[in-house]
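**Q** Pasting a structure here, questions to come.
The values are calculated or read from the model by the stated rules, or taken from the named source; none is laboratory data. Worth saying up front: this structure is predicted, and the values here are computed from it rather than measured. Cβ placement follows ideal geometry from the backbone for every residue including glycine, while neighbour counts extend to all protein chains displayed. What goes into the accessible areas is simple: the full protein's heavy atoms, side chains included, and nothing from ligands, DNA or RNA. Shrake-Rupley method; radii C 1.70, N 1.55, O 1.52, S 1.80 Å.
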There are 2 protein chains.
Amino acid sequence: MIKEISGGVCAARGFQAAGVHCGVKADSSPEKNDLALILSERECAAAGVYTLNRVKAAPIYVTMDHLENGVAWGIVANSGNANACCPMSHENAEAMCLFAAQATGREAEDFIVASTGVIGQTINIQAIQTGLPKAAAALSRDGSDAAAKAIMTTDTVKKEIAVSFTVGGKEARLGAVAKGSGMIHPNMGTMLAFLTTDCAITQDMLEDALREVTAKTFNRVTVDGDTSTNDTAVVLANGMAGNGLIEWKDEDYETFKSALDYVCRRLSRAIAGDGEGASKLVTCKMTGARSEESAERLAKAVVASALVKAAMFGADANWGRVLCAMGYSKAPFRPEHVDISFESEAGSILVCRQGDGLAFDEDKAKEVLSQTEVVIAVNLNEGEDEAECWGCDLTYEYVKINGDYRT
Amino acid sequence: MIKEISGGVCAARGFQAAGVHCGVKADSSPEKNDLALILSERECAAAGVYTLNRVKAAPIYVTMDHLENGVAWGIVANSGNANACCPMSHENAEAMCLFAAQATGREAEDFIVASTGVIGQTINIQAIQTGLPKAAAALSRDGSDAAAKAIMTTDTVKKEIAVSFTVGGKEARLGAVAKGSGMIHPNMGTMLAFLTTDCAITQDMLEDALREVTAKTFNRVTVDGDTSTNDTAVVLANGMAGNGLIEWKDEDYETFKSALDYVCRRLSRAIAGDGEGASKLVTCKMTGARSEESAERLAKAVVASALVKAAMFGADANWGRVLCAMGYSKAPFRPEHVDISFESEAGSILVCRQGDGLAFDEDKAKEVLSQTEVVIAVNLNEGEDEAECWGCDLTYEYVKINGDYRT
């Protein structure tokens, strides 16, 4: 039984967080947080997944280095600058960990570091140095909200969630904060997502669970097809729930994985629905497939298509673009078997059966597609497998945000 | 020596063309052409390349069937409807060839057929039946302009070009009309391009030349990353230039291929620059590569990136997005070797050297990027190979056009 609870990234026992304004976002108002700190009171098993972009931001290399021993105590992260592709990027990422360690009485290697923002501009490391003692002083069990806000860039809503679940007879908790918005097309890693749990689990099992869940959640989100240089999802587990240590892929492991899947799925949908400029969350449900892999590939091509996304913005039931996107996805399927419906809380409308267009009520279709959550439901009628991918519509606002993001 | 001449698709000896309004575009004004006819007075060697989209429009299957014998006499094409994914698509594509044959005294199998427009709506075949005798009556040596206009959908300028060149001591000509605009991300085939030549060349050599040239021209264009269901490029060669038949990959073959490359490159740039909603042509020149294949993959990722395209719209020198797009292209390169410049007729500005950002004059960069043709020049500093790809910026207008294209 997975139950949503409050507390976000501090919901799990032994975790504190803070978010402050330090000045990395130079010209923003002082109330805009740009520095987040998350700390456990005990050592945590830790696992991360990262972008597969060949150009990786320096914080990713530093984090991979610090996680080589499989343990961590906390996370330091900033928004407003990606700390990528600058002469001092690596040194500055190391410095962030060092300053976090000095402010909290720990070692630099105990910290995971992440950055998000503009690529190619030198980060204001002095601001971070000044900010970290402030952040350390602000650490509290109520700090999730401030931390979630401190990693936002063009996000319009903060992404925060926590759940409780029972594992090995004990109540355990899992919470998270995340950011998404633009340059979102994760590939094995993802945007930024920081997850904390008090569940007792080995590093090996934690890493496996994160990889398995990421493949079916974060990696099924696309906002604009651009895989970022900074995508990072990390999970810290401090064991304070007191359950028997999860060491094998037993029932407890499955329970933990279910909770992790629940949290990551919710964050994925939140990231897609709050994509840059988005006016709606677009889900593509691909069913009746011969394999989950091909279902995923087909669904992802649909939600990634600029033409499908623009049609969703216009609430235009242009299903031909859906079939067209499936056609170039490189996944095998028989166009002449395909059924396509559009669905939302305003109802459901079948527009294509066995690959041919149907006459349908255009007004009804417009109403279905004018909701803030719409589903493109495709049945391949060829097998039992399925997959769901999430995206958003392509709007004037996306162009506006990205036509002048840097300056 | 390749020289541009007038006459478009009728520049080569023995070709006539016409474009008329027949009513496939139902609610458009009578002056909007929607039916094109191109006819040779002699039998032509003919070759085509087509979309690799798994969902292919019916006209493509009919054309492949009619070209099995390697010869054709003419082309019939409509805009306003893709004739794809409808119960009668195949029969209607066959009917278009039959009506063209009846109107010109030829056989249905002598015709190549193509359609472009909305997917999934039944084409008005009666309008085409009524229109074809009108088109046949209008066939003339001056008909290229009307035919070019008849295949336009959201194109804002017609694409038409012709060249003359000397082969085997004879003056030969090659002309073309094409359409582009949206759903443009060709893959082995391309949008619609109809090419005619009076050069004497075997079908084998013609097909090889078309494939080789398409790979380096049409297949290096992207407008929105959506590979269409209808992409088709065909070339007809009627031999009336009187040159010795090109049967081998000799000097004459190379001469013909150069002319074909010239024409296809010009059309490719025209299609990219007139992409849906585009305000500028964006070229990515990738040099210093270890292979042409990786240079092409890198350049294509850059011009296809929604974030790069939006930055080009905003004349924002956000080179981090260029490096980021290269990073997820799956082509090998060393980020720390990369130099990036922006270039246009307003000048050139180096913004990244050896993978790190440089301080640069923002006003100058804005001026460089505010021109109607801009070049993103990337030097990988690793080898001698290079490739050039073409795209356009992402604008409000693209979203507007595609938010409500169908209705």
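**Q** Enumerate the amide H contacts of B:ILE5 below 5 Å, restricted to partners 5 or more residues apart or on another chain; note that Pro and chain-start residues carry no placed amide H.
**A** Amide H neighbours of B:ILE5: B:ALA162, B:VAL163, B:SER164.
**Q** Per residue in segment B:217-232, which ones lose no less than 20 Å² of accessible surface when going from chain alone to all protein chains (1.4 Å probe)?
**A** Hits at the 20 Å² cut-off: B:ASP226, B:THR227.
**Q** Counting only protein heavy atoms, what percent of the accessible surface of segment A:298-378 is carbon or sulfur at a 1.4 Å probe?
**A** 48 percent
**Q** What does the convex hull of the Cα atoms come to per residue for segment A:50-136, in Å³?
**A** It is 82 Å³ per residue.
**Q** What Rg and what Dmax come out for chain B when only alpha-carbon atoms are used, in angstroms?
**A** For chain B, the Cα-based Rg and Dmax read 21.5, 69 Å.
**Q** Right, another one. HN-Hα J couplings of segment A:379-392 from phi, Karplus 6.51/-1.76/1.60, θ = phi - 60°, integer Hz, Gly and Pro as x?
**A** Using θ = phi - 60°, the values come out as 10, 7, 6, 10, x, 10, 8, 7, 7, 10, 10, 10, x, 8 Hz.
**Q** Can you tell me the dipole magnitude for segment B:247-336 around its Cα centre, using point charges on the Cβ only (Lys, Arg +1; Asp, Glu -1), in Debye to the nearest 20?
**A** 560 debye
**Q** Name the most mobile residue of A:SER144, A:SER268, A:SER344, meaning the one with the largest mean-square fluctuation, in a Gaussian network model of chain A with Cα contacts below 10 Å.
**A** A:SER344
**Q** Rounded to the nearest 5, what % of DSSP beta bridges with both residues in chain A are antiparallel?
**A** 75 percent
**Q** Something else now. Mind checking segment B:280-375 for GluC sites (Glu not before Pro) that DSSP puts in a loop (not H, G, I, E or B) and that have at most 13 other Cβ atoms within 10 Å? Could the numbers behind the result be given before it?
**A** Values: sites: B:GLU292, B:GLU293, B:GLU296, B:GLU336, B:GLU343, B:GLU345, B:GLU362, B:GLU367, B:GLU373; in loops: B:GLU345.
Taking segment B:280-375 and a limit of 13 other Cβ atoms within 10 Å, the loop GluC sites (Glu not before Pro) found are B:GLU345.
**Q** Would you tell me the mean number of C-beta atoms belonging to other protein chains that fall within 10 Å of each C-beta in A:307-318, as a whole number?
**A** 6
**Q** Specify, per residue and in Å³, the volume enclosed by the convex hull of the alpha carbon atoms belonging to segment B:210-333.
**A** 141 Å³
**Q** Also, I was wondering about something else. So, by mean Cβ neighbours within 10 angstrom, what's the order for B:131-139, B:55-63 with the highest one leading?
**A** Working: B:131-139: 19.9, B:55-63: 24.9.
Per-residue Cβ counts within 10 Å, averaged per peptide and sorted highest first, yield B:55-63, B:131-139.
**Q** From the phi angles alone, apply the Karplus equation (6.51, -1.76, 1.60; θ = phi - 60°) to segment B:122-133 and give each ³J(HN,Hα) in whole Hz, x where the residue is Gly or Pro.
**A** With the stated coefficients, segment B:122-133 comes to 5, 6, 7, 6, 4, 4, 5, 4, 5, x, 5, x Hz.
**Q** Right, another one. Count the net charge of all other residues whose Cβ sits under 10 Å from the Cβ of B:ALA315, scoring Lys and Arg as +1 and Asp and Glu as -1.
**A** That sum, taken over residues with Cβ under 10 Å, equals -2.
**Q** Out of the total accessible area of segment B:152-271 (probe 1.4 Å, heavy atoms of protein only), what percent is carbon and sulfur? The partial results should precede the final answer.
**A** Numbers: 1660 of 3470 Å².
Answer for segment B:152-271: carbon and sulfur cover 48 percent of the accessible area.
**Q** Sticking with this one: Which value, in Å² and to the nearest 10, is the accessible area of A:TYR398 when all protein chains are kept and the probe is 1.4 Å?
**A** Surface accessible to solvent at A:TYR398 totals approximately 10 Å².
**Q** Now, a different point. In whole Hz and in residue order, list the ³J(HN,Hα) couplings for segment A:43-55 that follow from phi through the Karplus curve 6.51 cos²θ - 1.76 cosθ + 1.60, θ = phi - 60°; x for Gly and Pro.
**A** 4, 10, 5, 9, 9, x, 10, 10, 4, 9, 4, 5, 8
**Q** Give the ranking of B:PHE15, A:PHE313 by solvent-accessible surface, highest area first, calculated with a 1.4 Å probe.
**A** From most exposed to least exposed: A:PHE313, B:PHE15.
**Q** Report the accessible area of A:ASP356, computed with a 1.4 Å probe over the heavy atoms of all protein chains in place, in Å² rounded to the nearest 10.
**A** A:ASP356 exposes around 50 Å² with every protein chain in place.
**Q** Okay, next question. On a 0 to 90 degree scale, rounded to 10, what angle separates helix A:251-273 from the longest Cα axis of chain A?
**A** With rounding to tens, the tilt is 70 degrees.
**Q** Can you list, shortest first and in nm, the gaps between the label point of B:ARG211 and those of its counterparts in the other copies, using a point 7 Å from Cα in the C-beta direction?
**A** In ascending order, 4.0 nm.
**Q** Just how far, in whole angstrom, is segment A:330-407 from segment B:333-351 if you go by their alpha carbon centroids?
**A** After rounding, the separation between the Cα centres reads 39 Å.
**Q** For the interface of A with B, what's the total buried accessible surface in square angstrom, probe 1.4 angstrom, rounded to the nearest hundred?
**A** 4400 Å²
**Q** On to the next question. Between copies, how far apart are the B:GLY347 label points? List them in nm, one decimal, shortest first, with each point 7 Å from Cα toward Cβ, please?
**A** In nanometres, ordered from closest: 6.1.
**Q** Also: State the antiparallel share, in %, of DSSP beta bridges confined to the protein assembly as shown, rounding to the nearest 5.
**A** Counting only bridges with both partners in the protein assembly as shown, antiparallel ones make up about 70 percent.
**Q** What accessible area per residue, rounded to a whole number of Å², is obtained for segment B:248-356 using a probe radius of 1.4 Å?
**A** Per residue, segment B:248-356 has an accessible area of 34 Å².
**Q** Another question about this same structure. So, with a 1.4 angstrom probe, what is the percent of accessible area on segment A:1-109 that is carbon and sulfur?
**A** Whole-percent figure for carbon plus sulfur exposure: 49.
**Q** Moving on to the next point. Per-residue Cβ counts within 10 Å, from other chains only, averaged over B:82-88: what number is that?
**A** For this peptide, the per-residue mean of nearby foreign Cβ atoms is 4.
**Q** Could you identify the residue of B sitting closest to the B-A rotation axis by Cβ and state that distance rounded to whole angstrom?
**A** That would be B:TYR396, 2.
**Q** Roll a 1.4 Å probe over the protein heavy atoms and report the accessible area of A:ASP208 in Å², nearest 10.
**A** A:ASP208 has an accessible surface of roughly 50 Å² with all protein chains in place.
**Q** Sequence-distant or interchain residues sharing an amide H contact under 5 Å with A:ALA172, placed H: which?
**A** A:PHE165, A:THR166, A:VAL167
**Q** Counting partner chain Cβ atoms within 10 Å of every residue's Cβ in A:324-337, what's the average?
**A** Counting other chains' Cβ atoms within 10 Å and averaging over A:324-337 gives 5.
**Q** Suppose every Lys and Arg Cβ carries +1 and every Asp and Glu Cβ carries -1, with no other charges. What dipole size does segment B:133-265 come out with about its Cα centre, to the nearest 20 debye?
**A** I would put it at about 480 debye.
**Q** Treating only the Cβ of Lys, Arg, Asp and Glu as charged (+1, +1, -1, -1), what charge dipole size does segment A:1-93 show about its Cα centre? Round to the nearest 20 debye.
**A** 220 debye
**Q** Continuing with this model, one more query. Among A:ALA278, A:THR255, A:SER294, pick out the residue whose Cα is farthest towards the positive end of the charge dipole of segment A:255-299, where Lys and Arg carry +1 and Asp and Glu carry -1 on C-beta, about the Cα centre.
**A** Among A:ALA278, A:THR255, A:SER294, the one farthest towards the positive end of the dipole of segment A:255-299 is A:THR255.
**Q** Which of the peptides B:379-385, B:65-71 is most tightly packed, and how do the rest follow, going by the mean number of other Cβ atoms within 10 Å of each residue?
**A** B:379-385, B:65-71
**Q** Counting residues in segment B:150-257 as N, plug N into 2.2 N^0.38 Å and put the Cα Rg over that result.
**A** Its radius of gyration relative to the 2.2 N^0.38 Å reference: 1.13.
**Q** To one decimal in nm, how far is A:ARG334 from the same spot in the other copies, if labels go 7 Å from Cα toward Cβ? Please give the shortest first.
**A** Spelled out, the distances from A:ARG334's label point are 5.2 nm.
**Q** I've got another one for you. Calculate the translational D of segment B:81-123 in whole µm² s⁻¹ from Stokes-Einstein, where the hydrodynamic radius comes from the Kirkwood formula applied to all Cα pairs, the temperature is 37 °C and the viscosity 0.692 mPa s.
**A** Calculated translational D: 309 µm²/s.
**Q** What do you get when you divide the Cα radius of gyration of the protein assembly as shown by 2.2 N^0.38 Å, with N the number of residues?
**A** 1.02
**Q** Between segment B:263-299 and segment B:96-153, what is the separation of their alpha carbon centroids in Å?
**A** 31 Å
**Q** Go through A:LEU369, A:GLY355, A:TYR398 and say which Cα lies farthest out towards the positive end of the charge dipole of segment A:325-407; charges sit on Cβ, +1 for Lys and Arg, -1 for Asp and Glu.
**A** It is A:TYR398.
**Q** What spacing in nm lies between the two simple spin-label points modelled at B:GLN102 and A:LEU52, each 7 Å away from Cα in the Cβ direction?
**A** 5.4 nm
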